[in-house]
Amino acid sequence: MTVIYAHGGGFVVGDLDSHDDLCAEISDRTALRVISVDYRLAPEHQHPAAYNDLAAVVQAVCAQGPVVLAGDSAGATLCAALLGTLADWPIDATQIRGQVLIYPLLGYEPRGGSFDIHADAPLLSRDDLAVCAAARGGDPDDPRATPASGDLRALPSTRLFASQCDPLCDDATRYAEAAKTAGADVLCVTQIGTVHGWLRARARSPELAAQFTEIVEAIRDLAR
């Protein structure tokens, strides 16, 4: 069993080093192999470069055995986009046991609810989302870029972890409701008191450590 992890960073930053400690900790606590994906970044490599890179890794690893996909922020977006367009790829869907998405961008209209309440939240604002989207490029109606427009009926078991103080919080809850309506096995947890990018501080308080444990347990449970 392998966990394929896609790092966050707004599609413009982040790499193997930025998430090395996180992936190492996931591997240590789950006793699973973790492969971190070094996908190409914007603006030098615009959409669908990152999506294609993740798909190539998933295709190669699924040929060897079962996998769980996981990612935070932009990486979670890529995982959800791939699994919503899986029919476009020669990937054995039965090898994918599930996905764990941590404060993902899923493509709903950025207005109302958390988009307004937390528009100026620390670490990620609504304006930041627009800047990253412009750097990434791509058509918002393209399901390879926008998971919300993908085939939600085809999703494997999905575990969503939204951050309460994040403009993207309602993106996760909207996606969860739409996927449930489509018949997918989806569970969405809003982690109280957290901001976008809080994984960096997971060892700074007992509360954040406990919320990270929830994520680790979700990965372990899907792997079973």
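The values are calculated or read from the model by the stated rules, or taken from the named source; none is laboratory data. This structure is a prediction, so every number in the text was calculated from the model and none was measured. Every residue, glycine as well, gets a Cβ built from its backbone with ideal geometry; the counts of neighbours run over all protein chains shown. Please note that ligands, DNA and RNA were not included when accessible areas were found on the heavy atoms of the full protein model with its side chains. Shrake-Rupley method; radii C 1.70, N 1.55, O 1.52, S 1.80 Å.
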Residues of region 10-30 being touching a residue at least 40 places away in the same chain (Cβ under 8 Å), surrounded by fewer than 18 Cβ atoms within 10 Å (Cβ to Cβ) and farther than 20 Å from Ala203 by Cα, in sequence order, are Val12
One residue from Arg224, Arg202, Arg220 being at pLDDT below 95, farther than 21 Å from Leu54 by Cβ and among the basic types (Lys, Arg):
Arg224
Can you name every residue in region 89-110 that is free of Cβ contacts under 8 Å to residues at least 40 places away in the same chain and either under 16 Å from Thr146 (Cα atoms) or buried (at least 20 other Cβ atoms within 10 Å of the Cβ) (or both)?
Ile91, Glu109
When region 81-111 is checked residue by residue, the ones that are under 16 Å from His7 (Cα atoms) and not in a helix (DSSP H, G or I) are Gln99, Val100, Leu101, Ile102, Tyr103, Pro104, Leu105, Leu106
If you take just the helices (runs of 4 or more DSSP H) that sit entirely in region 112-208, which of them hold at least 2 residues that are among the basic types (Lys, Arg) and surrounded by 15 or more Cβ atoms within 10 Å (Cβ to Cβ)?
126-136, 169-182
If I filter region 52-64 for residues that are part of a helix (DSSP H, G or I), among the small types (Gly, Ala, Ser), open to solvent by less than 30 Å² (accessible area, probe 1.4 Å) and touching a Cys at 6+ places or on another chain (Cβ under 7 Å), do I get at least one hit?
no
Answer with yes or no whether Leu78 is of a type outside the set (Asp, Glu) and either more than 13 Å from Gly9 (Cα to Cα) or in a strand (DSSP E or B) (or both).
no
Counting just the residues of region 31-43 that are assigned to a loop (DSSP other than H, G, I, E, B) and farther than 26 Å from Ala134 by Cβ, which one comes out most open to solvent (accessible area, probe 1.4 Å)?
Ala31
